[in-house]
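Asker: Starting off with a structure, shown below.
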Amino acid sequence: MRPVDGFLRTLFITSKAVARHMGGERPGVILTLPEPGSKLAVGGILGHSVSAAGKEAFSRVLAAELAPHNIRVICIRPHAVVDAPAAGSYTKDLFKPIAAAAGQSVQEMLDGGMAQGTLLKRLPTLSEIAETAAFLASDRSGVMTGTVANLSAGALVD
């Protein structure tokens with residue numbers, strides 16, 4: 001329940017709090033970051049899958065609620081981020097038992113099987129996600145709302 005209760009509760013409370021200070025004459029943008037689990041049928045990730053699906057649904061409905069106030073809401077859905085565990089992400093602990101069961105380190109699992117399961121044969125990096133977030137938050141993407149930006153390197157195709 002940790003990803004469901006913790007992540008969804010935090011997203012709900014934070015989004016509602018910041019939306020009060022956005023919009024009107026000055027447009028606002030809320031970016032959400034679900035995992036690809038919302039579209040994957042894989043054992044061992046039930047809580048994260050439910051959380052990811054909830055974040056995507058929440059974002060779509062929040063976009064509809066906030067659009068009249070000049071606030072956009074966009075999901076950024078990356079696959080596993082190849083350099084996130086080394087940067088201190090919780091994903092290191094999340095992936096550790098899965099990697100250990102395969103006799104691999106987390107980095108070996110990311111560089112190997114997970115990357116090979118994408119069309120591009122690689123995983124997104126933190127800098128690629130950050131650059132996408134900067135674009136989506138900018139006026140250059142001003143007509144985007146209520147959608148999911150797929151940064152899964154082709155692990156999921158929409």
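The values are calculated or read from the model by the stated rules, or taken from the named source; none is laboratory data. Note that the coordinates shown come from a computational prediction; the quantities given were computed from them, not determined experimentally. All Cβ positions, even for glycine, are placed from backbone atoms using ideal geometry, and neighbour counts span all protein chains on display. Heavy atoms of the whole protein, side chains included, go into the accessibility calculation; ligands, DNA and RNA do not. Shrake-Rupley method; radii C 1.70, N 1.55, O 1.52, S 1.80 Å.
Asker: Got a sec? What order do S127, S15 fall in by accessible area at 1.4 Å, biggest, i.e. largest, first?
Answerer: Greatest to least solvent exposure: S127, S15.
Asker: What accessible area, in Å² to the nearest ten, does a 1.4 Å probe give for L40?
Answerer: 60 Å²
Asker: Using a cut-off of 22 Å between alpha-carbon atoms, which lysines can reach K16, once sequence neighbours fewer than 8 places away in the same chain are excluded?
Answerer: K55
Asker: Assuming R0 = 25 Å, can you tell me the calculated FRET efficiency for the pair Q116 and L46, based on Cβ-Cβ distance, to the nearest 0.05?
Answerer: Using R0 = 25 Å, I get an efficiency of 0.55.
Asker: Counting only protein chains, not ligands or nucleic acids, how are D158, D83, D93 ordered by accessible area (probe 1.4 Å), most first?
Answerer: Details: D158 135, D83 55, D93 110 Å².
Descending order: D158, D93, D83.
Asker: If N is the number of residues in the chain, what value comes out of its Cα radius of gyration divided by 2.2 N^0.38 Å?
Answerer: Ratio of Rg to 2.2 N^0.38 Å for the chain: 1.08.
Asker: Related question: Can you tell me how much longer the chain between T125 and A57 gets when fully stretched, taken as 0.36 nm per residue apart minus their C-alpha distance, in nm with one decimal?
Answerer: 22.0 nm
Asker: Put +1 on the Cβ of each Lys and Arg and -1 on the Cβ of each Asp and Glu in region 4-158; which of V29, L120, G47 then has its Cα farthest toward the positive end of the dipole?
Answerer: Most positive-ward Cα: V29.
Asker: Send over a whole-number figure in Å² for the accessible area per residue of the chain, probe 1.4 Å.
Answerer: So the chain comes to 56 Å² accessible per residue, rounded to a whole number.
Asker: Quick one: order V50, V157, V29 from most to least accessible surface, probe 1.4 Å.
Answerer: Details: V50 70, V157 110, V29 35 Å².
Greatest to least solvent exposure: V157, V50, V29.
Asker: Probe radius 1.4 Å, ligands and nucleic acids ignored: give me the carbon and sulfur share of the accessible area of the chain as a rounded percent.
Answerer: Carbon and sulfur: 61 percent of the exposed surface of the chain.
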